[in-house]
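Everything on this sheet refers to the single structure shown next.
The values are calculated or read from the model by the stated rules, or taken from the named source; none is laboratory data. Note that the structure is predicted; figures quoted are calculated from it, not measured. Because the Cβ atoms are built from the backbone with ideal geometry, glycine has one as well, and the counts that use them run over all protein chains shown.
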Amino acid sequence: MFKQSRRLFLRSSAAMGVALSVASAAAALEPIVIGIPAAQSGPVGVADHQDWTNGAMMAIEELNANGGVLGRPLEAKIIDLDMLSPEGNVAGFQSLIEAGAHAIASAFTIIPQPAMDTAAPSGIPYVHGNTSTVNVDLYKGDPHKYRNVFQLDVAEKWYGSGFVRFMSDLKASGQWKPKNNKVHIVQGQISYTQLISQATQEAVAQTDGEWEVVSITDIQFPVQDWAPVIRALQETDAGAIMIDHWVAAELAAFAQQYAYDPVPGALVYLQYGPSQPEFLDLAAGAGEGMVWGTVYGVYADESGTAFREKYKDKYPGTMGMVYTGGGYDAVNILADAWESVGDPSNFDAVGDYIRNIEYRGINGFYKIDPETNSGISYPNMVDDPEAGQAHLFFQVQDDEHRIIAPSPFAETDFRLAPWM
Amino acid sequence: MTVKTYYKVRRRPWEYKLSPDGKVARNRLRLPFTRRHFLKWRDAYNPKSLKRERRLADKKPLWWTIGLLAFVVVTPFLSNSMISIAAIFCIYASINLLWTLIVGTAGIFSLATLAIVGVSGYAAAASNVFLGLPWPFILLVGPMVGFVAGSILAAPSTRLDGLYYALLTMGVAEICRVFVTQLRSLTQTNGAITQVDSFIPEDWFLQRPGLLLGFAGAFCLLLGSLLLWRLINSERLGLLLRTAKTGREDEAFAEAVGIDFRRARLTVFVLSSSALGLVGGFYAMYFKSISPNIFSLDQLLLLFAMMVIGGLGRAEGAVVGAAIVTLIDKGFIEIGPLRIILVAAIMLVVTIFAREGLTGVRDQFRDFRKRKSGERRAQRTEKGGEAMPEEAVEVHDK
Amino acid sequence: MDLGLIIYALNLASIYALMAIGISILWSSVGMINMAHGATFATSGYAAWFVSGALKPAIAATFGKTVMASVMMASVVMLSAVLAGAFCGAVIYALAFLPIHDKPNYSVRSLIITLALNIGVVQSLLWYFGPRNRGLPKVFGFGRWELLDTKIRYDQAGTIVGASLVMILTLAWLRYSRRGLEVRAMMQNAEGAAYSGISRQATALPVLMLTGALAGVAAALLSQTIFVSPTAGVIPLVKGLTIALLGGLGSVSGAVAAAILIGFLEAIVGVIPFLGQRYVMFATFSFIILVLIFRPRGIGGLLDNTRE
Amino acid sequence: MDNVLFGCKGLELSFAGRKILSGVSLSLNSGELLGLVGPNGAGKTSLFEVFCGRYKSDCGSVFLEGKDITRQGFYNRTQSGLGRTFQSPIVPMSLSVAETFRATRKAWKPYLSRHDAEWAARLAHLTVNWETPAATLGAFDRRKLILACILMRRPKVILMDEPASGLINAEIDELELIIRRLVDEYHMGVVLIEHRLELLAAVADRTVVLDLGKVIAEGTPEDVFLNPRVKAAYFENVDA
C-alpha cells in the first residue's frame, strides 16, 4: 500500500515524459510551465499538497496527450514549499517565477501574505485553494496589486454558516431528530479552524434559539489522545458535535476512540479533515456515520464520477476528496485561459480571462467574485446550484464517503450513525 | 663509515613574504584612537640572506575581506531568488554569529536564540502595526526587547548546568510559540504579524530594487554582527572569558586572578541578545511579516546544523555553515525532502570526521600531518623511539 | 480527579517513562544524549506496520479468526517493533559511538550525530513511505471495560500494563544480570568501571540496543492510540528528553517519577476549564522551568544519588 | 593584635552533617609567613576555600585589613588584595602566557600595563617565552605563572596551597627564595599550607597545626614540633 504516493508520483512523471515525446508536434515547441509549490518535507499539509499535485499532473497529462495547449506541451515544475515561514514562501515562489513559470497553481499556504507579495509584482497568474479570509482581506487592501492572485474556492468562514444551514435542513427534512438543540464545538488553534468556529457561533446565534452553542473545547495540534475531549463531550451531551480540526490522522484517532464511547444520538461533524485519503484507512470502520463537509470537493455527478474513476485508476487506494479535483480544475482553467488568450506570457490577459471565467469543473462551477477575487459558494452565497461550488456534506457510509447534501448533488440520504 | 643523513623536522608551510627596504623604519597604520594595528605584520631578518622579510602573521582578515567583497560585488548581478537567498544567508549568518558568541564565547548553552529573535521581532512588528510607530523605531524597539529578554533569560544561567539550561531555554521557546499562536488578536493570520512597515518602500517590495535594498540592509547587518563578534571575542571580554573557558579549573584560575567571569558571561549574553533583538526587528521588516515558525524546533535545528557544519564556536564556521545550509535549503527546493536528508548527511559526515566542523579541517589536517611526521621521525632514530632532547641537536632545523 | 483521569494520566506517563528511561540510562552509562530516539520510535512503528502488513495474510490463513491469530498478530507487532528499535540502537552505536567515543568533544559530537540521524531518518521515512499515517493492527483489540463506573479502553489498559511490565523487566535486567551490573557500574562511575575491566565499547552496544528496544515498545504501544507517521517520534522525543532532564539525567527512578508527574500534570491541566488542552504544553514547560529554578539538577537527587 | 592584616574568627563549616571546620580562628600580620600544617583531612584546603569564598562557612567571619569580607565572592576578595594559589598547578588551558598576563592585567579597573606583568614575572622567577601556550608549561612554571598573575596587583595576603607538591628539591629551594622575598621585601602576608612539617620549619615564622577542623597548636615551628598533641595527630600509632 505504501507504494502509492511517492512511487506513483515518480512513475507519473516518467509517464509524462513519454507523453511529451509522443506528442510530436508539441514537443518541438517550448513548453508552457506551471509552477506547483507543494509542501513535501514540512510537518503539515503534505498529504493535501500531494493530492493537489496528483490532480494537476493528471490534467497536464491529459492535455498533453491531446496535443498540449496552443500546440505547446505543458510542463509542471514542482518545488518543495516551506509554507510555515515567510522566507520559505518567498524562496519557493521566487524560484518558480524565475524558472519561467507561466502560472502558479498551489493548493494552499499557511501564511499567504509573503507568497502573494512575491507573486503579485511579477503579475504571474497565481491560482490557489487557500480557503482563507486573510487572502480576501489582502486582496481588498490592494485590488490592483493582487489582481492576478485568484482564490479558486471561498473563504473558510462559509464553513460555519454552511454547517448550521445543513443541520437545520437535515432537521427540517425529518431525516434526523436532534435530541436537543445543543451544539458542542471542539476547536483547533490555527486561524482556519478559529475563523470557522467563530463563523459557526455567529450563524448559531442568528438561528434564534433553534441551535445553541453550549460548550467550546480547545485542542492543540498535535492531539495525542482524545480521551479528555470525549469526556467533555459526554458531560455536555449535545445533540450536535463539531470537531473543528483539519488533521485527518488525528480525526481518525478521534473516530476510533469515539466509537468506544459515543455520545448517544449526537450528530458528529468532522469539518474538513476526512477528505484526506488516510482517514478511511486509519479509522478502519470507526468513521461510520460521521459527517464532514468541504466547500471545495469533488462532485459525484457524471463528470465527477468519471474523474474519480480515472483518478483511482492512476492512483489506486482511497482518493482525496478535495484538492485532487482542485488541482485538476486549476490546470484546466489555466489551459482554457491560455488557449483563448493565445500567449501564456501575457499575464494580464490571462488574468483578465480568469477573472471573467465561467467554468464548470470537477469541483463545481467557477466564477470569480470581483469583490474578493475568489470563488462563489452554493448554497451559502447563491441559490442556483450551477452558479457556484457546492458546499458538499459527506457521510461515511459503508466505509465510503457519500455526498448527502446539498440537494442536487447528493448521492444518497443521511443515514443514522450506529450510536444514534 | 656510515653516512649520516639529516632530515628536516617538519616542512614549513609555503608562505608569501614581502621584502621591504631594510633601511626604512617600520611604520604601521593604527586604528584611530587605539594602539591597535589593522593587520598583524611581522618583520624578521632572514638568517641566510640577511634580508628583511615581512609576513602577515594572521591572514584571516585578508580572507574575510576578500570573501565579503566578492560576495557583495557578485550578488547584485545574480537572479532575484539568489539575491533573496543571499539576504536570508546574511540574516541567518548574523543570528549564528551572535549565537556563537553566546555558546562559544560566553559558554552558555542557550537554545533560546531564535526565541529572542522572535520575541523582539514580534514586539517590534507589533509596535509598528498596532501602535503605529514608524519603521525606524523598529530598529530601536527590537534591541530594547532583546535586551530585556536577554536579561531575564540570563538570570538562571549561572545556577544551571549546561544541559539543564538548554532544556529551560527550549521550554521558553516553546512557551513563546504557544503563547503567540494562542493570541486571539493574531488568529486571523495564524499567529503571524503581517504588513509591517519596512525600510523597503512598498512599491519596491520583492522586486529588484527592493531586493537589492533588502540585501544591502542584510549585508550591513552581517557586517555589524561581525564587528560585534570582533569587539567582544577578540577584546577584553573575550579574553576574560577564554581564561575561564575549559572547565572548573579554568574558572578557579580566573577567580584567583580577580576575573568576574560570571558577570562577563552575562554581559556577553545580554549584548548578544540585544543584537539578536535587532536582527529580529530587521527580519520582521525584511519580510514585512513574522510568523510563529521562528520559535519552532525545526528552524532552530536548521540553524544549529549550520553552526555544526561550519564549526562550533568560530566566526568563520558560523558564516560558512550558514552559506552551505542556506544554499541547500533554499536553493535546492526542487529536490524536495532530499535536500534536508542532504543537510543531515553533511552534518553526519562532518561531525564524524572533523573535530571542529569544516573550518577546523585545515588545523586538524595539520595536526594529523605533524603527528604522522613525528611518528616517522621517531621510527627513524636509532633507538626506534622518540627523539631524545640530546639527540635533537643533531637534527637539522629542529 | 476520578479514575478515568487517572487512567489517562497513567497512559501518558507510561509512554513518557519508556522514552525517558532510555534517554536517561544512555546518558549516564554511555554519556550520549540520544537525539535519534525519535527516529528510532518512528522507524520501529513503520517496521511493525510493514511486517504486520506483510504477515497478515499468512496469519489469517493459518489461524483464521481465532484468538491465536490475534495473539500471533500482537507478538508480531511487538517483536518487529522491538527488533527494529534494537537494530536502530545498533546503527546509532556504529555511527555515533564507535567512531568517536575516544575522540575529543565526544559528548557534543555524539549529540550532533544523533541529531543528524534523527533529521535524516525522519525525512527518509517521509520520502519513502509518503506523508500518510499508518494504522497498526490493534494488539489489544477494540473495546473497553467498565470499572467502577469508569470506562477504560483496552489500549489504555494495555499500554499501562505493557509499559510497566517492560520497565520492570528492564530494571530487573539492570539489577540482576551480569551485563546489567556492568551497565550500572558504568552509570555510577565510568572511569572506575573501566579500571575494573568493564569495556565501554562492549557495554555500549547492549545499552544502545536496549534503549532502542524500549523506544520500539513505546512506539508499538503509542500506536495503539494514535498512528504511525514519519514525524510521530518528535513529540515522544521532546517529552522524553525533557522528562529525563527533569528527573535528573541519569536517574532511572527520577525519570519514572518525572514521567508520572508530567502525565498527571498534563491530564489535570487538560480538564481545568479555563486552561484546557491548548495550555498543556505551556503548563508543562512552565512547570519544568519552575522546578529547574528551584532544583537546578532536576528532581532526581530527591530519590537517589545521581551521577555528578 | 591591632596591626592584624588578615584573619578569621570562629569559622564553622560542615558538609552533609559532617563537621569540617569547628571554631577556627587565625590571624596574620603583614610581613609574616604563617605555616598551616595538619595531616590529611584536617581541613586545611577547606579553610582556604572559606578564606577565598568558594565555600560558604556556616558561621564565623573572615576579615582583611579590618574589613569584614565574609560576604564577598572569590574574585571580589582577590580584588581587595587576597591572592590564592591552588594545590594543583592550574593555568588557563587555551591561552598563552602572554594572553594570561593580558587577561589578568585587564581583569578589573584600573588596567595594568605590560610593565607590571614583566615586573611580576621577574618577581616570580618566570623565565619562559611568553608566546608559549600556558598548558604546555611544566608544573613549577605553572605555579610561577599563577603566582606572577597574583603578584601583578601587589596583593596584601597570599594564600598558598601546597606550593611545593610535585617539585624537586632544587625547585623547592627556589620557591622558598621567592616566598621569603615576598614576605621580607614586600611585606606581604603569606599563609602556606604544607603537610610536611620539616619543610615549614625552614621558612615559616609561625606555624598553626590543624587537626579534624580544629587548631591544636600554634607557635614557632620548633615549639609546635614538640607539642604532644601534634605528635599524637601525626603519629597516632606511636606512643608519644
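With the condition being buried (at least 24 other Cβ atoms within 10 Å of the Cβ), I'd like the helices (runs of 4 or more DSSP H) fully within region C:160-278 carrying at least 1 qualifying residues. Break it down stepwise before answering.
Working: elements: C:178-188, C:190-195, C:200-222, C:234-246, C:252-271.
The helices (runs of 4 or more DSSP H) meeting that bar are C:178-188, C:200-222, C:234-246, C:252-271.
I need the full set of residues from region B:140-172 which are more than 9 Å from chain C (Cβ to nearest Cβ), touching a Phe, Trp or Tyr at 6+ places or on another chain (Cβ under 9 Å) and surrounded by fewer than 19 Cβ atoms within 10 Å (Cβ to Cβ), in order please.
Selection gives B:S151, B:G162.
Residues to consider are B:S274, B:S296, B:S234, B:S291; find the one that is within 29 Å of D:V97 (Cα to Cα), polar (S, T, N, Q) and out of contact with any Cys (no Cβ under 8 Å at 6 or more places or on another chain).
Numbers: B:S274 fails: within 29 Å of D:V97 (Cα to Cα); B:S296 fails: within 29 Å of D:V97 (Cα to Cα); B:S291 fails: within 29 Å of D:V97 (Cα to Cα).
Exactly one of B:S274, B:S296, B:S234, B:S291 is within 29 Å of D:V97 (Cα to Cα), polar (S, T, N, Q) and out of contact with any Cys (no Cβ under 8 Å at 6 or more places or on another chain), namely B:S234.
Which one of these is part of a loop (DSSP other than H, G, I, E, B) and either within 20 Å of A:S197 (Cβ to Cβ) or touching a residue at least 40 places away in the same chain (Cβ under 8 Å) (or both): A:M242, A:M319? Let's see the steps before the verdict.
Working: A:M242 fails: part of a loop (DSSP other than H, G, I, E, B).
When all the criteria are applied, what remains is A:M319.
Any chance region B:284-297 includes a residue that's out of contact with any Gly (no Cβ under 9 Å at 6 or more places or on another chain), over 30 Å from D:G83 (Cα atoms), part of a helix (DSSP H, G or I) and not aromatic (F, W, Y)?
Looking for residues that are out of contact with any Gly (no Cβ under 9 Å at 6 or more places or on another chain), over 30 Å from D:G83 (Cα atoms), part of a helix (DSSP H, G or I) and not aromatic (F, W, Y), one finds at least one in region B:284-297, hence yes.
For region A:288-303, does any single residue satisfy the condition of being modelled with pLDDT under 85 and assigned to a loop (DSSP other than H, G, I, E, B)? I'd like the intermediate steps shown before the answer.
The initial filter retains those residues of region A:288-303 that are modelled with pLDDT under 85, namely none.
No, region A:288-303 has no match at all.
Please identify the pairs in which a residue from region B:33-46 that is surrounded by 11 or more Cβ atoms within 10 Å (Cβ to Cβ) has its Cβ atom under 7 Å from the Cβ atom of a residue that is among the hydrophobic types (A, V, I, L, M, F, W, C), counting only partners at least 6 apart or on another chain.
B:H37/B:L29; B:L39/B:L56; B:K40/B:L56; B:K40/B:A57; B:W41/B:L56; B:R42/B:A57
When you go through B:E390, B:E386, B:E382 one by one, which is the residue that is among the acidic types (D, E), out of contact with any strand residue (DSSP E or B) (no Cβ under 9 Å at 6 or more places or on another chain), in a helix (DSSP H, G or I) and modelled with pLDDT under 80? Spell out the reasoning first.
Details: B:E386 fails: in a helix (DSSP H, G or I); B:E382 fails: in a helix (DSSP H, G or I).
Answer to the selection: B:E390.
Looking at region B:274-295, is at least one residue within 14 Å of chain A (Cβ to nearest Cβ), closer than 30 Å to A:P222 by Cβ, without any contact (Cβ under 8 Å) to a residue 40 or more places away in the chain and surrounded by fewer than 24 Cβ atoms within 10 Å (Cβ to Cβ)?
The answer is no; no qualifying residue exists.
Kindly evaluate B:R230 against the criterion of being more than 9 Å from chain D (Cβ to nearest Cβ) and either over 27 Å from B:L160 (Cα atoms) or without any contact (Cβ under 8 Å) to a residue 12 or more places away in the chain (or both). Break it down stepwise before answering.
Details: more than 9 Å from chain D (Cβ to nearest Cβ): yes; either over 27 Å from B:L160 (Cα atoms) or without any contact (Cβ under 8 Å) to a residue 12 or more places away in the chain (or both): yes.
Criteria met by B:R230.
Yes or no, residue by residue, for (1) at pLDDT 85 or above; (2) closer than 27 Å to C:A42 by Cβ:
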| site | (1), (2) |
| --- | --- |
| C:A190 | no, no |
| C:A202 | yes, no |
| C:G212 | yes, yes |
| C:A215 | yes, yes |
| C:A218 | yes, yes |
| C:S229 | yes, yes |
| C:G233 | yes, yes |
| C:V238 | yes, yes |
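Select from region A:340-359 the residues that are of a type outside the set (S, T, N, Q) and surrounded by fewer than 14 Cβ atoms within 10 Å (Cβ to Cβ) and list them in ascending order. Break it down stepwise before answering.
Filtering region A:340-359 for residues of a type outside the set (S, T, N, Q) gives A:341-344, A:347-355, A:357-359.
Within region A:340-359, A:G342, A:D343, A:D348, A:E358 meet the criteria.
Residue-wise test of (1) at pLDDT below 90; (2) within 14 Å of another protein chain (Cβ to nearest Cβ).
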residue: D:T100; (1), (2): no, yes
residue: D:A107; (1), (2): yes, yes
residue: D:H115; (1), (2): no, no
residue: D:W119; (1), (2): no, no
residue: D:E131; (1), (2): yes, yes
residue: D:D141; (1), (2): no, no
residue: D:L145; (1), (2): no, yes
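Could you say whether any residue in region B:158-171 is free of Cβ contacts under 8 Å to residues at least 60 places away in the same chain, part of a helix (DSSP H, G or I) and aromatic (F, W, Y)?
yes
Out of curiosity, is A:V263 away from chain C (no Cβ under 11 Å), of a type in the set (A, V, I, L, M), under 21 Å from A:D399 (Cα atoms) and in contact (Cβ under 8 Å) with a residue 24 or more places away in the chain? Steps first, please.
Numbers: away from chain C (no Cβ under 11 Å): yes; of a type in the set (A, V, I, L, M): yes; under 21 Å from A:D399 (Cα atoms): yes; in contact (Cβ under 8 Å) with a residue 24 or more places away in the chain: yes.
In short, yes.
Answer yes or no as to whether B:I232 is touching a Phe, Trp or Tyr at 6+ places or on another chain (Cβ under 8 Å) and among the β-branched types (V, I, T).
Details: touching a Phe, Trp or Tyr at 6+ places or on another chain (Cβ under 8 Å): no; among the β-branched types (V, I, T): yes.
No; evaluated as a whole, the condition is false for this residue.
Yes/no per residue for (1) in a strand (DSSP E or B); (2) surrounded by fewer than 18 Cβ atoms within 10 Å (Cβ to Cβ); (3) more than 11 Å from chain A (Cβ to nearest Cβ):
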site: C:L95; (1), (2), (3): no, no, yes
site: C:P104; (1), (2), (3): no, yes, yes
site: C:W127; (1), (2), (3): no, no, no
site: C:P131; (1), (2), (3): no, no, no
site: C:K138; (1), (2), (3): no, no, no
site: C:W145; (1), (2), (3): yes, yes, no
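Can we say C:G240 is out of contact with any Cys (no Cβ under 8 Å at 6 or more places or on another chain), within 11 Å of chain B (Cβ to nearest Cβ) and within 23 Å of C:A172 (Cα to Cα)? Spell out how you get there, then give the answer.
Working: out of contact with any Cys (no Cβ under 8 Å at 6 or more places or on another chain): yes; within 11 Å of chain B (Cβ to nearest Cβ): no; within 23 Å of C:A172 (Cα to Cα): yes.
Against the criterion (out of contact with any Cys (no Cβ under 8 Å at 6 or more places or on another chain), within 11 Å of chain B (Cβ to nearest Cβ) and within 23 Å of C:A172 (Cα to Cα)), C:G240 does not qualify.
Given the options B:L303, B:L338, B:L348, name the one that is at pLDDT 90 or above and facing another protein chain (nearest Cβ under 9 Å).
Result of the check over B:L303, B:L338, B:L348: B:L348.
What number of residues within region A:199-229 satisfy the criterion of being in a helix (DSSP H, G or I) and farther than 24 Å from C:T231 by Cβ?
Quick first cut of region A:199-229, residues in a helix (DSSP H, G or I) only: A:199-205, A:227-229.
Filter once more, so that each one left must be farther than 24 Å from C:T231 by Cβ: A:199-205.
Number of matching residues: 7.
Among the residues that make up region B:192-200, is at least one of them touching a residue at least 12 places away in the same chain (Cβ under 8 Å), farther than 24 Å from B:Y92 by Cβ, facing another protein chain (nearest Cβ under 10 Å) and more than 20 Å from the chain's Cα centre (by Cα)? Walk me through how you get there before you give the answer.
Pass one, region B:192-200, residues touching a residue at least 12 places away in the same chain (Cβ under 8 Å): B:192-200.
If we keep only those that are farther than 24 Å from B:Y92 by Cβ too, we end up with none.
Checking region B:192-200: not a single residue is touching a residue at least 12 places away in the same chain (Cβ under 8 Å), farther than 24 Å from B:Y92 by Cβ, facing another protein chain (nearest Cβ under 10 Å) and more than 20 Å from the chain's Cα centre (by Cα).
Name the residue that is farthest from B:I95 (Cα to Cα), counting only residues in region B:201-252 that are modelled with pLDDT under 90 and among the aromatic types (F, W, Y).
Across region B:201-252, the extreme among qualifying residues is B:W204.
Considering only residues that are within 17 Å of B:A254 (Cβ to Cβ) and of a type in the set (V, I, T), which ones fall in region D:142-157?
D:I146, D:I150
Does region B:226-246 hold any residues that are touching a Lys or Arg at 6+ places or on another chain (Cβ under 8 Å) and either in a loop (DSSP other than H, G, I, E, B) or aliphatic (A, V, I, L, M) (or both), and which are they? Don't jump to the end; show me each part of the working.
The first filter runs over region B:226-246 and keeps only residues touching a Lys or Arg at 6+ places or on another chain (Cβ under 8 Å), leaving B:236, B:239-241.
Matches in region B:226-246: B:L239, B:L240, B:L241.
State whether the residues of region C:45-65 include one that is part of a loop (DSSP other than H, G, I, E, B) and within 12 Å of chain A (Cβ to nearest Cβ). Walk me through it before giving the result.
Just the residues of region C:45-65 that are part of a loop (DSSP other than H, G, I, E, B), to begin with: C:64-65.
Narrowing further to those that are within 12 Å of chain A (Cβ to nearest Cβ): none.
No - not one qualifying residue is present in region C:45-65.
When the residues of region A:230-256 are filtered to those that are over 26 Å from the mean Cα position of the chain (by Cα) and within 13 Å of chain C (Cβ to nearest Cβ), which remaining residue is farthest from C:S223 (Cα to Cα)? Give the steps one after another, and end with the answer.
From region A:230-256, those over 26 Å from the mean Cα position of the chain (by Cα) are A:230-239; that's our starting set.
Then drop every residue that is not within 13 Å of chain C (Cβ to nearest Cβ), which leaves A:230-236.
Working: A:I230: 19, A:R231: 21, A:A232: 23, A:L233: 24, A:Q234: 25, A:E235: 27, A:T236: 29 Å.
Checked region A:230-256; the qualifying residue farthest from C:S223 (Cα to Cα) is A:T236.
Can we say D:L95 is touching a strand residue (DSSP E or B) at 6+ places or on another chain (Cβ under 9 Å) and either surrounded by 16 or more Cβ atoms within 10 Å (Cβ to Cβ) or touching a residue at least 12 places away in the same chain (Cβ under 8 Å) (or both)?
On the way: touching a strand residue (DSSP E or B) at 6+ places or on another chain (Cβ under 9 Å): yes; either surrounded by 16 or more Cβ atoms within 10 Å (Cβ to Cβ) or touching a residue at least 12 places away in the same chain (Cβ under 8 Å) (or both): yes.
Yes, satisfied.
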